[in-house]
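Quick notes on the structure that follows.
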Amino acid sequence: MSERVAVRKTYKLFIGGKFPRSESGRSYLVQSANVSLASRKDARDAVVAARAAVKGWAGATAYNRGQILYRVAEMLEGRRAQFVALGVPADEVDAAIDRWVWYAGWSDKVAQVYGSANPVAGPYFNLSAPEPTGVVAAVAPEEPALLGLVSVIAPAIVTGNTVVVAASPAAPLAAVTLAEVLATSDLPGGVVNILTGRLTETVPTLAAHMDVNALDLTGVADAELAADLEIKAAENLKRVLRPAPAGHDWYADPGITRLTTLLETKTVWHPKGV
Amino acid sequence: MTATTTSARSDLTELGRSETALRTFLHGLPGVDQVGAEQRAAQLGTRSIKTTAKAEAIDLAIRMVDLTTLEGADTPGKVRALAAKALRPDPADPSCPHVGAVCVYPAMVPHVAEVLRGSGVHLASVATAFPSGQAPLEIKLADVRAAVEAGADEIDMVINRGAFLAGRYSEVYDEIKAVKEACGSADGGRQGRPAAHLKVILETGELATYDNVRRASWLAMLAGGDFIKTSTGKVPVAATPPVTLVMLEAVRDFRAATGRQVGVKPAGGIKTTKDAIKYLVMVNETVGADWLSPDWFRFGASSLLNDLLMQRTKLTTGVYAGPDYFTLD
């Protein structure tokens, strides 16, 4: 009997809940694996998928979104060994799981904390409530590959945004494996879309795209590129999160700035009656 | 080329006189190779059209759009807004061409006519008890006359699928002929205006086979249709590339046999620029450049226009456009 040949995994993109190869057919060798090299058309397709998912995801109840984020944490817990085998430190996997749970809790609380009842000079209730901004394009930090990625995705989607995220080009395996976790977590297709490959190829397309509402530059280490992307984003007044400062501690309490930057405020005036 | 090319021109005009002659002719048309037609259509869909060719194709496709709204909820305000969009699809770019026509229900024709007058954009109206076509002939003809009098210069009629599928070909033939007459004649039937163009909707989604599509195409052309159109957009299966291919072959063969050129209009389900360009490739490869004009090929569509405009904007600005910057319709 011949010796069994192991089946090797093809690392592909994650767009619209599916795992397509890059439209360009290209791949690159990284972490001893062939990983899809996304093109600007893949970025465009991802935005289309993300836009299509906004209505359903933003319209889901906060309770439901929280449950799904918690489910992601459950699924990630079950695959802990797989991430460790990819070289992700065990404590980073733990922190990533905890981060999902931490943000899951915010789903039905952000409106209480960030919304308000405003005193106005008239017989009206004046209420401000946060709403998701729409499609967020994000760049995950180079390091830590898993925790950084989760810390970028979770705050964007918990409030009802959908996200197109460019994974760390040097360590994309954790991102593609996280996509497998997301695909089995009741997360509707298109809410999270993950692109692997060169940042300079996909991110400028996303930054300039008129159907993207916010840009999270967290993982852009090159200050010149970041400035250029921010200029591109200004064309349609995207909300922008600037790159994380060097030496940022990803294990610390993340705070809610990431979450609130990706929100719009809707204020309603309602007559008080007698 | 089909056997029909050998028929003398005079023979074809006589066909309508007898049910038997019509049936013999239509059933004598060569059968469509279903697998071959689907494979050919799929193959033509793989062409890559880029850069300047794409820009040309997009502008041509915009000029070919029959901007359509056929909803029970259409209001004068809504159709006027649509007509304004037809004149200037992209208000931010004066170089953007206007569409081919606006297509509405007869009751909405006067409201659109006001906006389109003198613009070069045609005004099409569906008639003959659209979309089912299940009404007495007098009512269908009155429907057509009303639309023409209100200012429509193109009439989209539906054929009587019930009669066609039951094999009563002369009934369908006579009906198309009668509608054609109701469209007015070139010699002043419409107070000096030229006769309204007649587009004959075959509703291919209800014809079941490609053979039937070919027969219905020939029947419509023999009876005097100026255009043959795939669908109403009201049944689940609308325009598909193979059906359009069969119809394009029919108009090609018809011109070879009679010398008269007939237009083709796929309608329904064409939503993206990519789809539209696939159809243009098919036109060019099947019937040639003679049909690559809004006078001979149209798209019946509503959401297609916005996608064409977004792709056009992408080519001119280099940045992907978003639907937020184009009108909802």
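Quick look at the values:
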| quantity | calculated |
| --- | --- |
| Positions within the range B:303-320 being surrounded by fewer than 21 Cβ atoms within 10 Å (Cβ to Cβ) and closer than 20 Å to B:G205 by Cβ, in sequence order | B:S303 |
| The range B:36-51, residues that are β-branched (V, I, T) and either closer than 16 Å to B:N284 by Cβ or not in a helix (DSSP H, G or I) (or both) | B:T46, B:I49 |
| Flag if A:T202 is touching a Leu at 6+ places or on another chain (Cβ under 7 Å), of a type in the set (S, T, Y) and within 14 Å of chain B (Cβ to nearest Cβ) | yes |
| Where B:I139 falls short, out of the listed (1) surrounded by fewer than 18 Cβ atoms within 10 Å (Cβ to Cβ); (2) touching a residue at least 12 places away in the same chain (Cβ under 8 Å) | (2) |
| Breaking point among (1) within 22 Å of A:A233 (Cβ to Cβ); (2) at pLDDT 95 or above; (3) of a type in the set (D, E, K, R), for A:E142 | (2) |
| Qualifying residue in the range A:159-172 (condition: more than 22 Å from B:G318 (Cβ to Cβ), over 16 Å from the mean Cα position of the chain (by Cα) and away from chain B (no Cβ under 14 Å)) | yes |
| Number of the exception - A:I231 against (1) farther than 18 Å from A:F14 by Cβ; (2) modelled with pLDDT under 95 | (2) |
| Of residues in the range A:81-123 being polar (S, T, N, Q) and surrounded by 15 or more Cβ atoms within 10 Å (Cβ to Cβ), the one farthest from A:P155 (Cα to Cα) | A:Q82 |
| Members of the range B:225-249 found to be out of contact with any helix residue (DSSP H, G or I) (no Cβ under 7 Å at 6 or more places or on another chain), within 17 Å of B:G133 (Cβ to Cβ) and either surrounded by fewer than 20 Cβ atoms within 10 Å (Cβ to Cβ) or among the aliphatic types (A, V, I, L, M) (or both), listed by number | B:K234 |
| Any chance B:D253 is more than 14 Å from chain A (Cβ to nearest Cβ) and assigned to a helix (DSSP H, G or I) | yes |
| Residues of the range B:299-324 that turn out to be part of a helix (DSSP H, G or I), of a type in the set (A, V, I, L, M, F, W, C) and either within 12 Å of chain A (Cβ to nearest Cβ) or more than 28 Å from B:V200 (Cβ to Cβ) (or both), as a count | 3 |
| Contacts under 7 angstrom Cβ, first residue in the range A:212-230 being within 14 Å of another protein chain (Cβ to nearest Cβ) and under 25 Å from A:V191 (Cβ atoms), partner of a type in the set (D, E, K, R) and assigned to a loop (DSSP other than H, G, I, E, B), 6 or more apart | A:V212/A:K238; A:N213/A:K238; A:A214/A:K238; A:L215/A:K238 |
| B:A216 being surrounded by fewer than 22 Cβ atoms within 10 Å (Cβ to Cβ), among the hydrophobic types (A, V, I, L, M, F, W, C) and closer than 26 Å to B:G269 by Cβ | no |
| Given (1) surrounded by 14 or more Cβ atoms within 10 Å (Cβ to Cβ); (2) more than 24 Å from A:V88 (Cα to Cα); (3) over 19 Å from the mean Cα position of the chain (by Cα), number of the condition A:Y28 does not satisfy | (2) |
| Those residues of the range A:94-133 which are assigned to a loop (DSSP other than H, G, I, E, B) and under 17 Å from the mean Cα position of the chain (by Cα), in sequence order | A:S107, A:T133 |
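Here is a yes/no grid of residues against (1) within 21 Å of B:V99 (Cβ to Cβ); (2) within 14 Å of chain A (Cβ to nearest Cβ); (3) in contact (Cβ under 8 Å) with a residue 12 or more places away in the chain; (4) surrounded by fewer than 22 Cβ atoms within 10 Å (Cβ to Cβ):
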position: B:K274; (1), (2), (3), (4): yes, yes, no, yes
position: B:V281; (1), (2), (3), (4): yes, no, yes, yes
position: B:L292; (1), (2), (3), (4): yes, no, yes, yes
position: B:F297; (1), (2), (3), (4): yes, no, yes, no
position: B:F326; (1), (2), (3), (4): yes, yes, yes, yes
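For (1) out of contact with any Phe, Trp or Tyr (no Cβ under 8 Å at 6 or more places or on another chain); (2) at pLDDT below 95; (3) not small (G, A, S), each residue gets a yes or a no:
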position: A:S32; (1), (2), (3): yes, yes, no
position: A:L37; (1), (2), (3): no, no, yes
position: A:A46; (1), (2), (3): yes, no, no
position: A:A53; (1), (2), (3): yes, no, no
position: A:G56; (1), (2), (3): yes, no, no
position: A:R65; (1), (2), (3): no, no, yes
position: A:P89; (1), (2), (3): yes, no, yes
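The values are calculated or read from the model by the stated rules, or taken from the named source; none is laboratory data. These numbers were taken from a predicted model, which means no experiment stands behind them. Positions of Cβ are backbone-derived with ideal geometry, glycine not excepted, and every protein chain shown enters the neighbour counts.
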